[in-house]
Amino acid sequence: MSTVQSSEVDQSTIELAPNYTIPLVLIGGSLLLLPFLPILSIVLSLFGLFLLIQTVTVRLQFTGTGLDVYRSGNLIRGFPYQDWQNWRIFWEPLPILFYFKEVKSIHFLPIIFDPKTLRACLEKHYPLNVG
């Protein structure tokens, strides 16, 4: 196992460890807003709970040929690197959003997994980063 948090499924597959920072900050922030802006607090809290559930159930695996997305251990979608055009991690000091573009579509994912391992895997498997 490497020094960054990940579990290696085999030599060429890396599964990103979950990162609960964004969901917990949203939930905590919503509690602080509750006395002043109750409706916004409820919206932020629900969004934070949604992301918390996603953090628990969704896993990204970088394989030798693509990025695979699993929910509760079941493969739900694969993204072959050959279809990628570019990628970017937004707000680098505090990464909160991962963007990548395929030939036919654009994808945005909140950073609910280890951002350091994410960057390392992206640079390894698709080093032509334009961002």
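Numbers below:
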quantity: Residue under evaluation residue 78, criteria (1) in contact with a Lys or Arg (Cβ under 9 Å, 6 or more places away or on another chain); (2) surrounded by fewer than 18 Cβ atoms within 10 Å (Cβ to Cβ); (3) not hydrophobic (A, V, I, L, M, F, W, C), criterion not met; calculated: (1)
quantity: Residues that are more than 16 Å from residue 113 (Cβ to Cβ) and under 15 Å from the mean Cα position of the chain (by Cα), drawn from region 69-87; calculated: 78
quantity: Strands (runs of 3 or more DSSP E) enclosed by region 53-102 - at least 1 residues per element that are acidic (Asp, Glu) and within 18 Å of residue 15 (Cα to Cα); calculated: 66-71
quantity: Failed item, numbered, when residue 96 is tested on (1) under 30 Å from residue 29 (Cβ atoms); (2) surrounded by fewer than 16 Cβ atoms within 10 Å (Cβ to Cβ); (3) without any contact (Cβ under 8 Å) to a residue 24 or more places away in the chain; calculated: (3)
quantity: Members of region 54-68 found to be over 16 Å from residue 21 (Cα atoms) and under 10 Å from the mean Cα position of the chain (by Cα), listed by number; calculated: 60
quantity: Residues satisfying the stated conditions in region 103-120, i.e. assigned to a loop (DSSP other than H, G, I, E, B) and surrounded by fewer than 17 Cβ atoms within 10 Å (Cβ to Cβ); calculated: 103, 104, 105
quantity: Members of region 83-96 that are within 20 Å of residue 68 (Cβ to Cβ) and in contact with a Pro (Cβ under 8 Å, 6 or more places away or on another chain); calculated: 89
quantity: Residue tally, condition within 23 Å of residue 26 (Cα to Cα) and not aromatic (Phe, Trp, Tyr), over region 99-116; calculated: 8
quantity: Filter result for residue 21 (touching a strand residue (DSSP E or B) at 6+ places or on another chain (Cβ under 9 Å) and either basic (Lys, Arg) or at pLDDT 95 or above (or both)); calculated: no
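The values are calculated or read from the model by the stated rules, or taken from the named source; none is laboratory data. Worth saying up front: this structure is predicted, and the values here are computed from it rather than measured. Counting neighbours? That spans all protein chains shown, and the Cβs are built from the backbone with ideal geometry, glycine included.
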